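Right, one structure below, let's go through it.
The values are calculated or read from the model by the stated rules, or taken from the named source; none is laboratory data. Predicted model, so just to flag it, every value in this text is computed and none were measured. Cβ coordinates were reconstructed from backbone atoms using ideal geometry, including for glycine residues, and neighbour counts include every protein chain displayed.
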Amino acid sequence: MEISILQKARYAYKPKLPAILAEELEHVTVTLGEPTEAPADQGDLKLYFRCTYGKPIALIEKGENENIGKKLAVGVILSGGQAPGGHNVIAGLYDGLKKGCRDSVMYGFLGGPSGLIENKTLRFTDAIIDEYRNTGGFDIIGSGRTKIETPDQFAASLETAKKLGLNAVVIIGGDDSNTNAALLAEYFIERGTEIQVIGCPKTIDGDLKNEHIETSFGFDTAVKTYSELIGNIARDANSAKKYWHFIKLMGRSASHITLEAALQTHPNICLISEEVEYRKQSLAAVVETIVSSVVKRAGQGDNFGVALIPEGLIEFIPEMKKLIEELNDTMSVYGTEFAKKDSFIERLYFLDQYLSEPSYTLLKNLPTEIAEQLLLDRDPHGNVQVSRIDTEKLLISMVEKRVEQLKAEGKYKGKFSSYGHFFGYEGRCAAPSNFDADYCYSLGYTAFILIASGLTGYISSVKNLTAPAHDWIAGGIPLTMMMNMEQRHGVKKPVIKKALVELDGKPFKTFAAARETWAVKTCYQYPGAIQYFGPSEVCNQTTMTLRLEKS
Ligand code: FBP
């Protein structure tokens, strides 16, 4: 197969490791701190995690480690949405494992957690790993969104692990997948086995982070990719001066991607879902925010602009949130009956019986296309699939109506022409930036040290990420330390808390201090493409979000 020159060069790239991981491995060990506590619901969590609750934080340090050289068998799973760098987590884990003992073996579970349940595997070789080093995508073994939740699924997972003679399973995933990792770790101990489970923090959404996990991998590359595209569109808008571009950006619930893209590109409008919810802004109020910029810019002759919209916005607008909750509840109870309704009108009639009056009226009055999208199948967690709702189109149509109204009242004399875009899948499999390539490789390598040190129920952690990789700090965080109890499908369950945008955090405040200027003036930034080779300040900088949070 023909491969591009860049790809060849990326194969040869040697990811940078924290200094401690570049040591000879027999001189690397784990030191354990004090027992830890979850931030909330400790009592309930102790019941769920009788064997694994409250373990100490593990720090990788210099020291003798006789376990490192033991022969091990490890299985790895890529879980959930793709994120740049996943292949490097696998490569780091593999290289660590093989450096520890050449006879160790590593399996990849095909298609996500279902591969573990159904025992579908690929046994890695040097040649396979080499073909995927520093590449984007999850295609080395594929990913999936199956949740290991029924007793049969847990039992089947254990059976597979036993059949393969595994010492450990590594789950590379987001908050839900790492919650699963914690439950599996507990289950394996309860069943009297020594099979360990280690998680790795993945998601472009950037919402798996806390004091110990500074960022999830993939966020850096995905946002840089979107920011390049937004910058290109902004430059086009400023060249042609005739279109407003409404750009919806991925990120299921949290607006981290949109906020970071705004910090990188300075759009005229950037909506932050968490703020909309905090201010209890209605759909009409959100539209008014955009219209105000459209009108002011038209007043100075600028009939163009760029507006960024987070994918999850719709679920944070109070009246929409209520409608979606009622729809989710109705579908979870009457889903089979609902699925039998062939036409949109039939579905509406059906829902009239179960929705509250305001929700039903709202649904009826939405553009039909949007209403139909709200009624699509739910994801495996019972949630509406926000990436399939054209929020940008909804806002465009509402802004259009409003400016027409203002025109009729003589309050607006501009021209409003628009384009809608959705950037999501464009960024999830991009070739990882140097930051993500290094970070992911270090996470995989760290996961190996945690396994070789006999730990289970931990997530691989690499910190101090705004410093050069040499100074990064590697270790393991007990998963129960990141959990609380939340209502899921009417039942309280342990979950890792999603990190939403904090309105009193530096990234949001930095944006908020500039946005009034951006709304009126044209001051776009054009970040350009990710650079892989060149000066460190061009190639190795991570996101502004992380730099501001750490400053
Ligand atoms: P993860 O949380 O699994 O990393 O997935 C994130 C995401 O990319 C969201 O931003 C998006 O809403 C969703 O996945 C799309 O899901 P799908 O890949 O199933 O279309």
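Among Thr160, Thr135, which is modelled with pLDDT of 95 or more, outside any loop (DSSP other than H, G, I, E, B) and of a type in the set (S, T, N, Q)? Can you show your working first?
On the way: Thr135 fails: outside any loop (DSSP other than H, G, I, E, B).
None of the others qualify; the one that does is Thr160.
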>> Yes or no: segment 111-132 includes at least one residue that is within 16 Å of the ligand (Cβ to nearest atom) and touching a residue at least 40 places away in the same chain (Cβ under 8 Å).
In response: yes
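Within segment 256-272, track down each residue that is hydroxyl-bearing (Ser, Thr, Tyr) and either in a strand (DSSP E or B) or within 16 Å of the ligand (Cβ to nearest atom) (or both). Let's see the steps before the verdict.
So in segment 256-272, the residues hydroxyl-bearing (Ser, Thr, Tyr) come out as 258, 265.
Hit for segment 256-272 is Thr258, nothing else.
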> Among the residues of segment 222-255, which ones are more than 16 Å from Gly427 (Cα to Cα), crowded, with 24+ Cβ neighbours inside 10 Å and within 11 Å of the ligand (Cβ to nearest atom)?
Replying inline: Ala254
> What are the pairs, 6+ residues apart or on separate chains, where a residue within segment 372-394 that is closer than 19 Å to Arg347 by Cβ and assigned to a helix (DSSP H, G or I) has its Cβ under 7 Å from a residue that is modelled with pLDDT of 75 or more and within 9 Å of the ligand (Cβ to nearest atom)?
Replying inline: Gln373/Arg388
>> Return the residues of segment 201-225 that are of a type in the set (Ser, Thr, Tyr) and farther than 13 Å from Asn464 by Cα; say none if nothing qualifies.
In response: Thr203, Ser216, Thr221, Thr225
> Would you pick out the residues in segment 395-450 that are closer than 30 Å to Cys101 by Cα, within 16 Å of the ligand (Cβ to nearest atom) and not in a helix (DSSP H, G or I)?
Replying inline: Pro432
> Is it the case that segment 432-445 has a residue that's surrounded by 21 or more Cβ atoms within 10 Å (Cβ to Cβ) and closer than 19 Å to Thr289 by Cα?
Replying inline: no
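Being β-branched (Val, Ile, Thr) and part of a strand (DSSP E or B) is the filter; apply it to segment 178-199 and report the residue that is nearest to Ser157 (Cα to Cα). Break it down into steps so the answer makes sense when it comes.
To start, the set of residues in segment 178-199 that are β-branched (Val, Ile, Thr) comprises 179, 189, 193, 195, 197-198.
Filter again for part of a strand (DSSP E or B), leaving 197-198.
On the way: Val197: 12, Ile198: 15 Å.
Checked segment 178-199; the qualifying residue nearest to Ser157 (Cα to Cα) is Val197.
With a cut-off of at least 2 residues that are modelled with pLDDT of 95 or more and not hydrophobic (A, V, I, L, M, F, W, C), name the helices (runs of 4 or more DSSP H) lying wholly within segment 1-105.
Details: elements: 5-12, 42-48, 86-100.
Qualifying helices (runs of 4 or more DSSP H): 42-48, 86-100.
Within segment 59-88, restricting attention to residues that are of a type in the set (A, V, I, L, M) and surrounded by fewer than 24 Cβ atoms within 10 Å (Cβ to Cβ), which residue is farthest from the ligand (Cβ to nearest atom)? Write out each step before concluding.
Applying the first criterion (of a type in the set (A, V, I, L, M)) to segment 59-88 yields 59-60, 68, 72-74, 76-78, 83.
If we keep only those that are surrounded by fewer than 24 Cβ atoms within 10 Å (Cβ to Cβ) as well, we get 59, 68, 72-73.
Numbers: Leu59: 27, Ile68: 31, Leu72: 28, Ala73: 27 Å.
The selected residue is Ile68.
Of the residues Ala161, Ala185, Ala156, Ala168, only one is more than 16 Å from the ligand (Cβ to nearest atom) and more than 24 Å from Ser104 (Cβ to Cβ); which?
Step by step, each of Ala161, Ala185, Ala156, Ala168 is checked, and only Ala156 is more than 16 Å from the ligand (Cβ to nearest atom) and more than 24 Å from Ser104 (Cβ to Cβ).
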> Can you tell me which residues in segment 146-170 are among the β-branched types (Val, Ile, Thr) and either at positive phi or in contact (Cβ under 8 Å) with a residue 24 or more places away in the chain (or both)?
Replying inline: Thr146, Ile148, Thr160, Val169, Val170
> Given Ile172, Ile233, Ile148, which one is under 19 Å from Pro113 (Cα atoms) and modelled with pLDDT of 95 or more?
Replying inline: Ile172
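Taking the condition of being touching a residue at least 24 places away in the same chain (Cβ under 8 Å) and either out of contact with any Lys or Arg (no Cβ under 6 Å at 6 or more places or on another chain) or outside any helix (DSSP H, G or I) (or both), how many residues in segment 339-358 meet it? Give the steps one after another, and end with the answer.
Step one: filter segment 339-358 for residues touching a residue at least 24 places away in the same chain (Cβ under 8 Å), giving 344, 347, 351, 354-356, 358.
From the residues that got through so far, the ones that are either out of contact with any Lys or Arg (no Cβ under 6 Å at 6 or more places or on another chain) or outside any helix (DSSP H, G or I) (or both) too are 344, 351, 354-356, 358.
The total comes to 6.
Please specify each residue of segment 238-255 satisfying the condition of being of a type in the set (A, V, I, L, M, F, W, C) and assigned to a helix (DSSP H, G or I). Give the derivation first.
To start, the set of residues in segment 238-255 that are of a type in the set (A, V, I, L, M, F, W, C) comprises 240, 244, 246-247, 249-250, 254.
The answer is Ala240, and nothing else.
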>> Can you pull out every residue in segment 294-313 that is within 28 Å of Lys407 (Cα to Cα) and buried (at least 24 other Cβ atoms within 10 Å of the Cβ)?
In response: Val294, Phe304, Gly305, Val306, Ala307, Leu308, Ile309, Leu313
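Go through segment 301-317 residue by residue and tally those that are within 15 Å of the ligand (Cβ to nearest atom) and not in a loop (DSSP other than H, G, I, E, B). Don't jump to the end; show me each part of the working.
Residues of segment 301-317 within 15 Å of the ligand (Cβ to nearest atom): 308-316.
Those still in the list that are not in a loop (DSSP other than H, G, I, E, B) too: 308-310, 313-316.
Qualifying residue count, segment 301-317: 7.
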